[in-house]
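Encoded as structure tokens, the structure appears first; notes follow it.
The values are calculated or read from the model by the stated rules, or taken from the named source; none is laboratory data. On a predicted model such as this, the values are computed, not experimentally measured, just so you know. For neighbour counting, all protein chains shown are included, and Cβ atoms are generated from backbone atoms with ideal geometry for every residue, glycine included. What goes into the accessible areas is simple: the full protein's heavy atoms, side chains included, and nothing from ligands, DNA or RNA. Shrake-Rupley method; radii C 1.70, N 1.55, O 1.52, S 1.80 Å.
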There are 2 protein chains.
Amino acid sequence: MVTKQEPAPLTVGELPHAVNGLLQQISTHSQSPTICIFAILLLNDQTLAKGEYNMASTLLTRIYNQFNQFSKTEKRISTYILNHAELIPNMTTKELALKADVSEASVIRFAKTIGIGSFKTFKIALAQELAVKEEYITDFTILQKKDSPHEMFQKVVHVNKNAIETTKESLNKKDLEEAVHALKNARKIVFYGIGGSSIAAIDALYKFTKLGFQVEFNSDFHYMLSRVPHLNKKDVFVAISMSGKTKEVLDLSRIAQKKGAKVIAITNINKSPLYKEADIRLATPNVEEDFRIGSITSRMTQLTIVDTLYICIFNMVGEHVLEEFQEARDYVVKLRR
Amino acid sequence: MVTKQEPAPLTVGELPHAVNGLLQQISTHSQSPTICIFAILLLNDQTLAKGEYNMASTLLTRIYNQFNQFSKTEKRISTYILNHAELIPNMTTKELALKADVSEASVIRFAKTIGIGSFKTFKIALAQELAVKEEYITDFTILQKKDSPHEMFQKVVHVNKNAIETTKESLNKKDLEEAVHALKNARKIVFYGIGGSSIAAIDALYKFTKLGFQVEFNSDFHYMLSRVPHLNKKDVFVAISMSGKTKEVLDLSRIAQKKGAKVIAITNINKSPLYKEADIRLATPNVEEDFRIGSITSRMTQLTIVDTLYICIFNMVGEHVLEEFQEARDYVVKLRR
DNA sequence: GATATTAATGAAATTAAATTTCATTAATAT
DNA sequence: ATATTAATGAAATTTAATTTCATTAATATC
């Protein structure tokens, strides 16, 4: 096996030249940068020479390393902090005291014990430290009976963001391009989804209406049964189903296909019938969900894909369509006067 | 009184020279730095090139972009913040008020103007933003004409995640608890939203139906005009409007309130009529969106709040309701055999 | 083992900081 | 010119953090 050669770190003397080159690239490729925030990590060999000492470690590392030297009250506090780090910056001393089953004064003392002048400063320092961490420390995926509404809110934010991020893992570049191409040239676009997936269908309907496309969606399956047979090879049928096994979605997809329409499926990457049979597959990830709660995160992945399709078409069609839309809105405003 | 001159931002051409000078200073004063992390904020006028669209922006960018719409007091505060961003997280309202030569109340108001629920939260959000070290050469918030579908997909993922995250900055803990309490004890819950906000209304309708609540939503405003007057003080009306100025939403909210129903608003934190008049405000952040593209990210924030309400109520009501729902689903499956 | 001293701890009081309220002034609409 | 609305700062109130004080626990000394 060939070992990857580690990049040699820059010396201080090489810095101006290297940074200059980077800035030239920015200047070249960004005519009018809005904001460009970047940090440069200058990592030097951290094997310390004789007489040198490591003066820095992260806050959480310090808490973890000093755990055994803590009193039992300090241990309770640090255990809670280490397990719920992301929640701490928005907590009061009272809230943390309650959660850790200690007094507020102990919380204040703990901040001082760990080397921070005040709990307020501790929270800000922790917030900054967590902002640069790529993974979460707090296990946000477990919903607990005793969670406060705010804690549940934090968890919802986390799992929704995570779901959207995992869409990157499932969606195929080429499939997306094919879908965009098919939609762009469609005479008519019909969307269909049931239950939670109907949210994405309605959202798509709304967005593509704004883009000026001839679109259709109705939650009434029987009504759709009388509409879909009128599709032809110039049309696109967008089937949205997390599982890919929803009977009504499958039935309509098959009819549309029989009529020559291109069937785009927004469905989980797996071996479902819809996944197998669709002409174009926009794969959503298999986000694991407690079946009791029902689908929340998967809807976010569907909506992100719908957003992407909309943005892609919008970018192609350009501002002309927008102008028409704006005219309509202005007209409505006028009518109200 | 002498007006303070606004800081002129660096042009791209001036960057290499300025950074070079900074690096020389580092080289001179640090013989063997272990870690040296710094960030450079380059604020520029967001004059977009033809074919470019703005999909979202950071806190400091928001402040910078909205600068011209600020009152003179707001301008003083934002000027100070933009010039001393790193200092703000550790300042009190009094300190910032003194530095900016405004009142403390104005500082509190400014945080709300910029879309953050409190000054305390503003400080934490700013601290986190400043701590982020990710190196952006491509600005994920700017949509460019030449972007491929995959690149646009990456951008959509980024701004949608970011929008959900910023919901933490605006939603107030206490408001959430009040809303959860009101919903839990409601005899009937009516949802209403128009356009993009109707997606969140439909999603809420679907979720609270599953929880066993008596719920209602219809996109037909006139139909709702005949339904809402039948509400009473045991009921809850959930108004969903990003801007908080949508006439139909306002009208229905006022009728509901007149009938004694509790009005919960899911709306942007600002001075809109809906925000002022609602009994309970679930504040969504002012995610800055290019009006030409329309609201994408704000819908994600609304849906996240709806998810949170659902999860909170679900957690309280317990699995009992789920069993009833599961029975209904099993029954449907049986009917198909 | 008893006693004295020190440390840990929580309740309560105090202080600090944030936020809201109220009155005044400025800006805008009619 | 007048009325209305918005902006603003001072002051009051509320929230949150911190300090103080008394009690209990742990440790050291005899």
In the set A:176, A:183, the lone residue that is crowded, with 20+ Cβ neighbours inside 10 Å, within 7 Å of chain B (Cβ to nearest Cβ), more than 17 Å from the chain's Cα centre (by Cα) and closer than 17 Å to residue A:278 by Cα is A:176
>> Against the condition within 7 Å of another protein chain (Cβ to nearest Cβ) and not in a strand (DSSP E or B), how does residue B:146 come out, does it pass?
In response: no
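Restricting attention to region A:192-208, report how many residues are open to solvent by less than 10 Å² (accessible area, probe 1.4 Å) and of a type in the set (Ser, Thr, Tyr). Show your work before the answer.
As a first pass, look at region A:192-208 and keep what is open to solvent by less than 10 Å² (accessible area, probe 1.4 Å): A:192-193, A:199-201, A:203-204, A:207-208.
Those left that are additionally of a type in the set (Ser, Thr, Tyr): A:192.
Count: 1.
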Checked against (1) of a type outside the set (Phe, Trp, Tyr); (2) assigned by TED's automatic domain parsing to the domain that holds residue B:279; (3) in contact (Cβ under 8 Å) with a residue 24 or more places away in the chain, residue B:202 satisfies every condition except (3)
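Here is a yes/no grid of residues against (1) within 21 Å of residue B:130 (Cα to Cα); (2) modelled with pLDDT under 90; (3) open to solvent by less than 60 Å² (accessible area, probe 1.4 Å); (4) within 14 Å of chain A (Cβ to nearest Cβ):
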residue	(1), (2), (3), (4)
B:73	no, no, yes, no
B:90	yes, yes, no, yes
B:93	yes, no, yes, yes
B:98	no, no, no, no
B:101	no, no, no, no
B:108	yes, no, no, no
(1) without any contact (Cβ under 8 Å) to a residue 24 or more places away in the chain; (2) over 28 Å from the mean Cα position of the chain (by Cα) all hold for residue A:232 apart from (1)
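Report yes if residue B:239 is touching a residue at least 60 places away in the same chain (Cβ under 8 Å) and open to solvent by less than 40 Å² (accessible area, probe 1.4 Å), otherwise no.
Values: touching a residue at least 60 places away in the same chain (Cβ under 8 Å): no; open to solvent by less than 40 Å² (accessible area, probe 1.4 Å): yes.
For residue B:239, the condition - touching a residue at least 60 places away in the same chain (Cβ under 8 Å) and open to solvent by less than 40 Å² (accessible area, probe 1.4 Å) - is not met.
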Of (1) open to solvent by less than 60 Å² (accessible area, probe 1.4 Å); (2) within 25 Å of residue B:53 (Cα to Cα); (3) within 14 Å of chain A (Cβ to nearest Cβ), residue B:131 satisfies every one except (2)
Every listed condition ((1) within 14 Å of chain A (Cβ to nearest Cβ); (2) at pLDDT below 85) holds for residue B:273 save (1)
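Look through B:239, B:265, B:278 and report the one residue that is more than 14 Å from chain A (Cβ to nearest Cβ) and away from DNA strand C (no atom under 16 Å from the Cβ). Write out each step before concluding.
Numbers: B:265 fails: away from DNA strand C (no atom under 16 Å from the Cβ); B:278 fails: away from DNA strand C (no atom under 16 Å from the Cβ).
Result: B:239 is the single residue among B:239, B:265, B:278 that is more than 14 Å from chain A (Cβ to nearest Cβ) and away from DNA strand C (no atom under 16 Å from the Cβ).
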Of the residues in region A:85-120, those that are touching a residue at least 40 places away in the same chain (Cβ under 8 Å) and either under 25 Å from residue B:169 (Cα atoms) or more than 11 Å from DNA strand C (Cβ to nearest atom) (or both) come to A:85, A:86, A:87, A:89, A:90, A:114, A:115, A:116
Residue B:256 meets each of (1) away from chain A (no Cβ under 13 Å); (2) touching a helix residue (DSSP H, G or I) at 6+ places or on another chain (Cβ under 6 Å); (3) assigned to a helix (DSSP H, G or I); (4) open to solvent by 20 Å² or more (accessible area, probe 1.4 Å) with one exception, condition (4)
| said: residue A:244 - would you say it is in the same structural domain as residue A:272 (by TED's automatic domain parsing), buried (at least 22 other Cβ atoms within 10 Å of the Cβ) and farther than 21 Å from residue B:200 by Cα? | reply: yes
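Residues in region B:183-192: is at least one of a type outside the set (Phe, Trp, Tyr) and part of a helix (DSSP H, G or I)?
Filtering region B:183-192 for residues of a type outside the set (Phe, Trp, Tyr) gives B:183-190.
With the extra rule that they be part of a helix (DSSP H, G or I), the set shrinks to B:183-184.
For region B:183-192, residues of a type outside the set (Phe, Trp, Tyr) and part of a helix (DSSP H, G or I): present.
Residues being crowded, with 22+ Cβ neighbours inside 10 Å, within 16 Å of residue B:192 (Cα to Cα) and either not assigned by TED's automatic domain parsing to the domain that holds residue B:217 or not basic (Lys, Arg) (or both): count how many of those fall in region B:259-279.
Kept after step one, since they are crowded, with 22+ Cβ neighbours inside 10 Å, are these residues of region B:259-279: B:261-269, B:274, B:278.
If we keep only those that are within 16 Å of residue B:192 (Cα to Cα) as well, we get B:261-268, B:274, B:278.
Cutting the leftovers down to either not assigned by TED's automatic domain parsing to the domain that holds residue B:217 or not basic (Lys, Arg) (or both) gives us B:261, B:263-268, B:274, B:278.
Count: 9.
What number of residues in region B:60-71 are within 13 Å of DNA strand D (Cβ to nearest atom) and either within 21 Å of the chain's Cα centre (by Cα) or surrounded by 15 or more Cβ atoms within 10 Å (Cβ to Cβ) (or both)?
As a first pass, look at region B:60-71 and keep what is within 13 Å of DNA strand D (Cβ to nearest atom): B:66, B:69-71.
From what is left, the residues that are either within 21 Å of the chain's Cα centre (by Cα) or surrounded by 15 or more Cβ atoms within 10 Å (Cβ to Cβ) (or both) are B:66, B:69-70.
Summing the residues that are within 13 Å of DNA strand D (Cβ to nearest atom) and either within 21 Å of the chain's Cα centre (by Cα) or surrounded by 15 or more Cβ atoms within 10 Å (Cβ to Cβ) (or both) in region B:60-71 gives 3.
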